[in-house]
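Below is one structure; the comments refer to it alone.
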Amino acid sequence: MEERIILDELEAGELAIEFDHQEPQDVIRWAVERFGNRLAICTSFQADGLVIIDMAWRINPKVRVFTIDTGRLPQETYEMIDRVRAKYGIALEVHVPETRQVEAMVRRHGANLFYREVPLRLLCCQVRKVLPLRRVLSQLDAWITGLRRDQWATRSNIRKIELDHDHGGIVKINPLADWTEEEVWDYIRAFDVPYHPLYDRGYTSIGCAPCTRPIQPGEDPRAGRWWWERGAPKECGMHCAIETGGFEHELEAILGHNGHPHS
């Protein structure tokens, strides 16, 4: 069995300071050399993640890349999976939610539960996104994301290298943390990186089809996510733990104490 690579708070903090002003490629190169096959890139095929894939592929063409197929993605996202596989020749890993958990949730609340109230939306995100992500990350020592500080208030303090305490203390690497949206698109144009076609239709943040819309002029870039909600976090729980009484209660009702759906 491969020995796990674990960083403590002190080392993670020192690395965060060391790499804070370095180029994304330097951060990725360090991660690839440090963690090898126990490292993977997580992507939902948004612009930031595609830049990360392109950078990492140029450093190591065999870098691991995975995505979570929630079962409710736009058709264009499935087409992006094929485009990325074809361009980079990578064995892109697709992980899906557990069928029994989805069935239990839909049986209890219906297929479009997320429109009714925030706790049910968070429940759907948890079952379709967060739990599959946890299963993947439990087998890794580090993961790379395309998060940037300017995307949303909850992301303003992220570091390029940090410990992910929501996922067992593994290392979370955010090479584009200090980039702007303009820098992301400059890279895409400069290196002919394939990008999601929904950007050309006014989308600025792309998730599940029922929960994402184009934004209107002057709106916040994440306004197209869960647009019917008022005052709720524009997060699904993949990158920050979200706890509400109603959400936790419904999740337990779906999964049961032992993690298996109630019959």
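Pairs only if they're at least six apart or on different chains, beta carbon under 6 angstrom, first in segment 202-214 and farther than 15 Å from Leu122 by Cα, second among the hydrophobic types (A, V, I, L, M, F, W, C) and modelled with pLDDT of 95 or more; list them, first residue then second.
Ile206/Leu198
Being touching a residue at least 24 places away in the same chain (Cβ under 8 Å) and under 27 Å from Cys125 (Cβ atoms) narrows it down to one residue among Val51, Val32, Val27, Val106; which is it?
Val51
Show the residue pairs that are 6+ apart or on different chains and have beta-carbon atoms under 7 Å apart, the first residue being within segment 178-200 and in contact (Cβ under 8 Å) with a residue 60 or more places away in the chain and surrounded by fewer than 14 Cβ atoms within 10 Å (Cβ to Cβ), the second being among the acidic types (Asp, Glu) and part of a helix (DSSP H, G or I).
Phe191/Asp54
Regarding Asp166, is this residue closer than 24 Å to Arg225 by Cα, free of Cβ contacts under 8 Å to residues at least 40 places away in the same chain and acidic (Asp, Glu)?
On the way: closer than 24 Å to Arg225 by Cα: yes; free of Cβ contacts under 8 Å to residues at least 40 places away in the same chain: no; acidic (Asp, Glu): yes.
So Asp166 fails the test.
May I ask you to say which residue of Ala56, Ala40, Ala16 is of a type in the set (Gly, Ala, Ser), in contact with a strand residue (DSSP E or B) (Cβ under 8 Å, 6 or more places away or on another chain), part of a helix (DSSP H, G or I) and under 30 Å from Leu122 (Cβ atoms)? Give the derivation first.
On the way: Ala56 fails: under 30 Å from Leu122 (Cβ atoms); Ala40 fails: part of a helix (DSSP H, G or I).
Only one candidate qualifies: Ala16.
Confirm whether Thr99 is of a type in the set (S, T, N, Q) and closer than 27 Å to Asp8 by Cβ.
Criteria not met by Thr99.
Search segment 1-33 for residues being at pLDDT 95 or above and crowded, with 17+ Cβ neighbours inside 10 Å, and hand back the single one that is nearest to Ile170 (Cα to Cα).
This residue is Ala31.
Any idea which of (1) at pLDDT 95 or above; (2) buried (at least 18 other Cβ atoms within 10 Å of the Cβ); (3) under 16 Å from Cys208 (Cα atoms) is the one Trp57 doesn't satisfy?
Going through (1) at pLDDT 95 or above; (2) buried (at least 18 other Cβ atoms within 10 Å of the Cβ); (3) under 16 Å from Cys208 (Cα atoms) one by one, Trp57 breaks only (3).
Which of (1) part of a helix (DSSP H, G or I); (2) out of contact with any Cys (no Cβ under 6 Å at 6 or more places or on another chain); (3) surrounded by fewer than 23 Cβ atoms within 10 Å (Cβ to Cβ) is the odd one out, the single condition Cys124 does not satisfy?
Every condition holds for Cys124 apart from (3).
Within segment 128-156, work out how many residues are at pLDDT 85 or above and outside any loop (DSSP other than H, G, I, E, B).
13
The values are calculated or read from the model by the stated rules, or taken from the named source; none is laboratory data. Owing to the predicted nature of the structure, the values given are computational and were not obtained by experimental measurement. With ideal geometry, Cβ positions are generated from the backbone for all residues, glycine too; neighbour counts draw on all protein chains shown.
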